[in-house]
Amino acid sequence: MRIFDDPSGSGKLWFANLTAADGTPVGYDPQRRAFVESSPFCVNRNRIGCNWIAREPGTLCQSCAMTALTPDASVTNAVPNWSQTESAKRWVLDNLGQWGWFRPEDSGIHPVFHMLAEGPTPVSMGHIEGVVTISVAEADDVVRTARRRALDEPHRSLIGHMRHEIAHMIWWRLSRNQDFLHDFRRLFGDERLDYPAALQRHYHHGPPTDWSQYYLTAYASAHPHEDWAETAAHLLHLTDIADSFTASGLMTPTLPASDWKPYEEPDTARLIHFAISVGLGINHVNRSMGLPDLYPFVICPAAHQKLDFAHKWLRLGAVGN
Ligand SMILES: [Zn+2]
Ligand SMILES: [Zn+2]
């Protein structure tokens, strides 16, 4: 994610800012990828802190308009949790918009989001025919950490959920293209395998002992659909690590050029090499504050190949898909 200019002409703004340093309200224009002072703001601004602008006064922004179901506000913390979830969604939509996905000019199907609060029964997150279901309870640090530990995951975040579930939705769109489907099955396997049975086997028996030789994560080994969603999510993680690093003005000898733009990079190996080198450095910096690693994953050669495939198709963008 880049860092933005304050529209008043002085200072910088971060993607989630609602005001400039002097308190002037600002809004983010996702079409121009810039902050503005004077446009109508999204009507969700006061309710959940959405900082995007709307086309007309009194309407929702592009991102909030994609949410068809909002959580039951009577559930404890549902609204603040929803606020954080929408914030992660805006971030990921802006990332994907750089490759043309889900912008107004994308004539393909756009995702519809169901943002659900949890009662006594957990909400299962997933994608079905364009509808992405997200549990806003995962915004709660205690809930998310408990689940991360129970599932033995090295990393679990709202932004990660958003990338993973939207990746399923993108697969659904790409799978109408026979070239994509043919190459996908060659690399990831046949996604027509019984999905519920595969997940049941994964949760009962765990991943194969040698999963790390073939997959990015243990969960990716459960089924080709999950392998794709994990791979595409990691491609987004790595591209955005590279983009945020370059936007921050930090330097490293591995930086390809001072004006390098990771979202425009066609060479997957170059992009991953840079992102991993940055990730390793920041893992070490994080340890100075007792924080978890930024990117606690090792990428095997098979996963590299799959990342290359996902990069090619995501970069082709929404055009014709
Ligand atoms: Zn909004
Ligand atoms: Zn999944």
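The values are calculated or read from the model by the stated rules, or taken from the named source; none is laboratory data. Just so it is clear, the model here is predicted, and its values are computed rather than measured. Note: ideal-geometry Cβ built from the backbone for every residue, glycine included; neighbour counts use all protein chains shown.
Here is a yes/no grid of residues against (1) more than 28 Å from Glu264 (Cα to Cα); (2) free of Cβ contacts under 8 Å to residues at least 40 places away in the same chain; (3) not hydroxyl-bearing (Ser, Thr, Tyr):
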site	(1), (2), (3)
Cys42	yes, yes, yes
Trp52	no, yes, yes
Gln62	no, no, yes
Asn81	yes, no, yes
Asp94	no, no, yes
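Does at least one position in region 6-22 carry a residue that is within 11 Å of ligand 1 (Cβ to nearest atom) and within 16 Å of Trp91 (Cα to Cα)? Give the derivation first.
Initial filter on region 6-22 (within 11 Å of ligand 1 (Cβ to nearest atom)): none.
No, region 6-22 contains no residue that is within 11 Å of ligand 1 (Cβ to nearest atom) and within 16 Å of Trp91 (Cα to Cα).
Of everything in region 118-143, what is part of a strand (DSSP E or B) and either farther than 15 Å from Gly160 by Cβ or more than 16 Å from ligand 1 (Cβ to nearest atom) (or both)? Give them in sequence order.
Residues satisfying the conditions are Gly126, His127, Ile128, Val131, Val132, Thr133, Ser135.
Taking Arg32 as the residue in question, decide whether it is closer than 30 Å to Val143 by Cβ and of a type in the set (Lys, Arg).
The answer is no for Arg32.
Kindly indicate whether any position in region 46-62 is polar (S, T, N, Q), surrounded by fewer than 21 Cβ atoms within 10 Å (Cβ to Cβ) and away from ligand 1 (no atom under 13 Å from the Cβ).
No, that holds for no residue.
Would you call Pro301 loosely packed, with under 15 Cβ neighbours inside 10 Å and in contact with a helix residue (DSSP H, G or I) (Cβ under 7 Å, 6 or more places away or on another chain)?
no
Considering each of Thr76, Thr70, Thr24, Thr85 in turn, give the residue that is farther than 16 Å from Ala139 by Cβ, hydroxyl-bearing (Ser, Thr, Tyr) and more than 16 Å from ligand 2 (Cβ to nearest atom).
Thr24
Taking Ala146, is it out of contact with any helix residue (DSSP H, G or I) (no Cβ under 9 Å at 6 or more places or on another chain), more than 15 Å from ligand 2 (Cβ to nearest atom) and outside any strand (DSSP E or B)?
When the stated conditions are applied, Ala146 passes them.
Return the total of residues in region 282-321 being modelled with pLDDT of 95 or more and small (Gly, Ala, Ser).
Matching residues across region 282-321 total 5.
Looking only at helices (runs of 4 or more DSSP H) that fall completely inside region 177-262, which ones have 2 or more residues that are buried (at least 17 other Cβ atoms within 10 Å of the Cβ) and at pLDDT 95 or above? Write out each step before concluding.
Values: elements: 178-188, 195-205, 224-247.
Fully inside region 177-262 and qualifying: 178-188, 224-247.
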